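What follows is a short report on a single structure.
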Amino acid sequence: MEEIGCLQDKIAFKTIFILFNMKMKQCLPFFLLFSLLIWGSCRNDESPPIERVPFSIAQPSATDIGNANNASDIFVSFAKVSDETELRAYRIFLTDSDLTVGFDLEMALQLPPARYTDLQPLGHDINVQLPAEATDIAGNLIEEGRPYAIYVMAVAIDNSISFSHALSDAVLITLASTKVHPVSTLNQHFDASGGIVIGPDGAIYVADFGTGAQDGTKILKFTPDGASFTTFADGLLGPTGGAFDSKGNLFWSSYSSSTVHKITPNGVVSHFATVPGPVAIVIDADDNLYVASCDGNDIKKITPDGTLSTFATDPVFNCPNGMVVDLNGNLYTCNFEDGQVFQVDMNGKVTKWATIASGSSVNMTFYDGYLYVTGRNAHQVYKIFLEDGTVEVFAGTGDRGDQDDAALLATFSYPNGIALGADSTALYVNDVLPTSGANPNGVNFNPNSLRKIDLRE
């Protein structure tokens, strides 16, 4: 017989058993009906089990951002759970790296609040600098030179349902004297919201895409230190990205006129080719141009004599925008609309490589095995490891602003263009002044700032 789990069930069955033993069969119908009512009441009071899907926490990333010799040196990023409706909080735990086997969800739930960092759901992915006073799970202050394992836990609103919580896998970090990549502002209050190109002489060329109607016309030329600028070329319409060929000619896209222009070293502008909604341009060793066509959702190839052909096309393209080439000749491009990043080999084969969590990705550059991509909507710069497509935040807290600081503590405002300096010691980024009221796809892309991210420190 199955075990009876309800108290009323037990009372009803015991009553029937006693009646039979006392041979009070004449009362049996009454008591049987009474017992069945109690039994049915018990069954009706039982609520159906709540089917809860456990939260899923992606493995976090951790970066050493300073040299304070405490937890404030640690910057933690992780993707939010897909549905935060029943989520009460996130918790970040630091343990000795030797505890990566023994630390589990049950242990995490038993720790007092002083032994973890509590975070409220924000409705978006989390990027946070830990407080200086944070400790490991044993209550020890964080020190440089020691290896730590970092975990993130999702905590359900109903704390009694332990299986609805979730604990991430560990990410390991050892604090040490580290390069923090300081961000500095070189210039402000100019109109140049388009792409950035570094010239052979180290000069910084920045396009004026326009205030919001893609109606800018100029290319500005900044001195290598960014302190001053002049107008290098005029007569374009919605200029976006460009590149130099081997002869010193600058080719630049005009998005609004579907034109690729050729600009001589003296700044003379002429029509070179017609491409639907052109944006980024890269040029190979033979001076062939490869142009990302946002409106055409493909990549065009233009030979030095102006012959135009389609180099790569794929249904996954959704306004391919930024573009760069690696040391092996592979192209990489990113979709403006959804943040997907693709590799395009020398035969035009398209392979999905990574996804930028912020959605809109704009421009990119390449250095030392990494792609650096601006996430316009996220106010951040991302770093993608080419070997496996791993994505991490390289600069920007995610809050809109213009604060100069270490890369992960600095703030940006709709960053757009990005380029590697001529001596490979810095990245240059232009963004929108945070007082301009810009939005991802609306008006007020100007005025702008020119920012530098130092790669040496």
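The values are calculated or read from the model by the stated rules, or taken from the named source; none is laboratory data. It should be emphasised that the depicted structure is a prediction, and the values quoted were computed from it without experimental measurement. Quick reminder, even Gly has a Cβ in these numbers, built from the backbone with ideal geometry, and neighbours come from all protein chains shown. Surface accessibility is based on the protein's heavy atoms, side chains included, excluding ligands, DNA and RNA. Shrake-Rupley method; radii C 1.70, N 1.55, O 1.52, S 1.80 Å.
Return the pair list, or none, for Cβ contacts closer than 7 Å from residues in region 272-284 that are assigned to a strand (DSSP E or B) and modelled with pLDDT of 95 or more to residues that are open to solvent by 10 Å² or more (accessible area, probe 1.4 Å) and among the basic types (Lys, Arg), at least 6 apart or on different chains.
PHE272/LYS262
Out of region 387-401, which residues are more than 22 Å from VAL197 (Cα to Cα) and in a loop (DSSP other than H, G, I, E, B)?
Passing the criteria: GLU387, ASP388, GLY389, THR397, GLY398, ASP399, GLY401.
Identify, by number, the condition in (1) assigned to a loop (DSSP other than H, G, I, E, B); (2) surrounded by fewer than 24 Cβ atoms within 10 Å (Cβ to Cβ); (3) touching a residue at least 60 places away in the same chain (Cβ under 8 Å) that ASN416 doesn't meet.
Just one mismatch for ASN416, condition (2).
Of the residues that sit in region 100-126 and are part of a loop (DSSP other than H, G, I, E, B) and among the small types (Gly, Ala, Ser), which one is surrounded by the fewest Cβ atoms within 10 Å (Cβ to Cβ)?
GLY123
Tell me which residues, restricted to region 127-155, are outside any strand (DSSP E or B), touching a Ser or Thr at 6+ places or on another chain (Cβ under 9 Å), farther than 13 Å from ALA68 by Cα and not hydrophobic (A, V, I, L, M, F, W, C).
ASP136, ARG146
Residue-by-condition table, conditions (1) under 15 Å from ALA154 (Cα atoms); (2) surrounded by 18 or more Cβ atoms within 10 Å (Cβ to Cβ):
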{"residue": "GLN59", "(1), (2)": "yes, no"}
{"residue": "ASP64", "(1), (2)": "no, yes"}
{"residue": "ASN67", "(1), (2)": "no, no"}
{"residue": "PHE75", "(1), (2)": "no, yes"}
{"residue": "PHE78", "(1), (2)": "yes, yes"}
{"residue": "THR95", "(1), (2)": "no, yes"}
{"residue": "ASP98", "(1), (2)": "no, no"}
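Go through region 363-386 and count every residue that is among the charged types (D, E, K, R), surrounded by fewer than 24 Cβ atoms within 10 Å (Cβ to Cβ) and touching a strand residue (DSSP E or B) at 6+ places or on another chain (Cβ under 9 Å).
Result for region 363-386: 1.
So, in region 210-253, of the ones that are out of contact with any Phe, Trp or Tyr (no Cβ under 6 Å at 6 or more places or on another chain) and of a type in the set (Phe, Trp, Tyr), which residue ends up nearest to GLY267 (Cα to Cα)?
Among those that are out of contact with any Phe, Trp or Tyr (no Cβ under 6 Å at 6 or more places or on another chain) and of a type in the set (Phe, Trp, Tyr), it is PHE232.
Per-residue answers, yes or no, for (1) modelled with pLDDT of 90 or more; (2) touching a helix residue (DSSP H, G or I) at 6+ places or on another chain (Cβ under 8 Å); (3) part of a strand (DSSP E or B):
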| position | (1), (2), (3) |
| --- | --- |
| VAL324 | yes, no, yes |
| LEU327 | no, no, no |
| VAL381 | yes, no, yes |
| GLN403 | yes, no, no |
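Please name all residue pairs, on different chains or six or more residues apart, with Cβ atoms under 6 Å, provided the first residue is in region 114-138 and is more than 17 Å from GLU392 (Cα to Cα) and the second residue is of a type in the set (Val, Ile, Thr) and in a loop (DSSP other than H, G, I, E, B).
Filtered contacts from region 114-138: ARG115/ILE137.
Filtering region 274-317 down to residues that are open to solvent by 50 Å² or more (accessible area, probe 1.4 Å) and in contact with a Lys or Arg (Cβ under 8 Å, 6 or more places away or on another chain), which residue is nearest to SER253 (Cα to Cα)?
In this case the residue turns out to be LEU308.
Could you tell me which residue of region 171-222 is surrounded by the most Cβ atoms within 10 Å (Cβ to Cβ), considering only residues that are in contact with a helix residue (DSSP H, G or I) (Cβ under 8 Å, 6 or more places away or on another chain) and assigned to a loop (DSSP other than H, G, I, E, B)?
LEU175
Could you tell me which numbered condition ASP404 fails, if it satisfies all but one of (1) open to solvent by 40 Å² or more (accessible area, probe 1.4 Å); (2) free of Cβ contacts under 8 Å to residues at least 24 places away in the same chain; (3) over 30 Å from THR217 (Cβ atoms); (4) not small (Gly, Ala, Ser)?
That leaves (2) as the condition not met.
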